[in-house]
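Q: Okay, handing you the structure first.
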Amino acid sequence: MDAARERAPQCVRELAEADIDAVAVLRVCGWRAAYAGLMPQTYLDSMSAAEDAERHRARFRRRPPGVSELVAERAGQVIGWAAVGPARDPDLAAPGGGAPDAGELLALYVAPALIGTGAGRTLLAAAEERARAAGFGLLCLWVVRGNARARRFYERAGFTPDGAEEASDAGGVRVPELRYRRPVVAAP
């Protein structure tokens, strides 16, 4: 068995509140690895896993209906996290306020040392399964324009930019993001 397969997740399961500290470490490490040079280093350095975990616990307890959070595990350790739910963008909202047809991959993080091992693909497939089960016909996501590695990952998974752009604030710097989308494919 090759080294990448040995490090791929053994299972993907629903996030439990006990996983939040590990997820916060993944998020902070993921941001620092993915956004070095794209966001102010002082902003990335100031990120705190403890503060992120505190915010995540509060969100976890009041999570809106339809949002699913997943963790990937290997040897009992959380190595990845993903969240999927109804699309937040008004232009993707269901007409007349009905059930939304569009879902959104709200987050996908893998331990930086394990990128390329299949953990991201496994989490994405599980998130898409949740989107399919929720009845979404479309799945969208937002990615930082300069994050070439993430853009390649999503493009290989069949996502394409749809022309929507926005900018978020990171330590006083506007960071451009692009929206990607693709149809939710039927289960094999």
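The values are calculated or read from the model by the stated rules, or taken from the named source; none is laboratory data. If you're wondering where the values come from, they're calculated on a predicted model, not measured in any experiment. Please note: Cβ atoms are built from the backbone with ideal geometry, for glycine as well, and neighbour counts cover all protein chains shown.
Q: If you take the residues of the range 5-19 that are part of a helix (DSSP H, G or I) and under 14 Å from Gly80 (Cβ atoms), which of them is modelled with the lowest pLDDT?
A: Among those that are part of a helix (DSSP H, G or I) and under 14 Å from Gly80 (Cβ atoms), it is Arg7.
Matching residues to (1) surrounded by fewer than 20 Cβ atoms within 10 Å (Cβ to Cβ); (2) not in a helix (DSSP H, G or I):
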residue	(1), (2)
Leu108	no, yes
Gly120	no, no
Leu139	no, yes
Glu155	yes, no
Asp169	yes, yes
Pro176	yes, yes
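Q: Scan the range 41-92 for residues that are charged (D, E, K, R), touching a residue at least 60 places away in the same chain (Cβ under 8 Å) and either farther than 19 Å from Glu14 by Cβ or assigned to a loop (DSSP other than H, G, I, E, B) (or both) and report the count.
A: 2
Q: Given (1) modelled with pLDDT under 95; (2) in contact with a strand residue (DSSP E or B) (Cβ under 6 Å, 6 or more places away or on another chain), where does Leu178 come up short, assuming only one miss?
A: Of everything listed in (1) modelled with pLDDT under 95; (2) in contact with a strand residue (DSSP E or B) (Cβ under 6 Å, 6 or more places away or on another chain), Leu178 misses just condition (1).
Q: Could you tell me which residue of the range 34-52 is nearest to Ala113 (Cα to Cα), considering only residues that are of a type in the set (Gly, Ala, Ser) and surrounded by 16 or more Cβ atoms within 10 Å (Cβ to Cβ)?
A: Among those that are of a type in the set (Gly, Ala, Ser) and surrounded by 16 or more Cβ atoms within 10 Å (Cβ to Cβ), it is Ala34.
Q: Go through the range 37-79 and report how many residues are farther than 24 Å from Val175 by Cβ, hydrophobic (A, V, I, L, M, F, W, C) and touching a helix residue (DSSP H, G or I) at 6+ places or on another chain (Cβ under 7 Å).
A: Selection size over the range 37-79: 6.
Q: What are the residues in the range 25-36 that are closer than 20 Å to Ser168 by Cα and in a helix (DSSP H, G or I), if any?
A: Arg27, Val28, Cys29, Gly30, Trp31, Arg32, Ala33, Ala34, Tyr35
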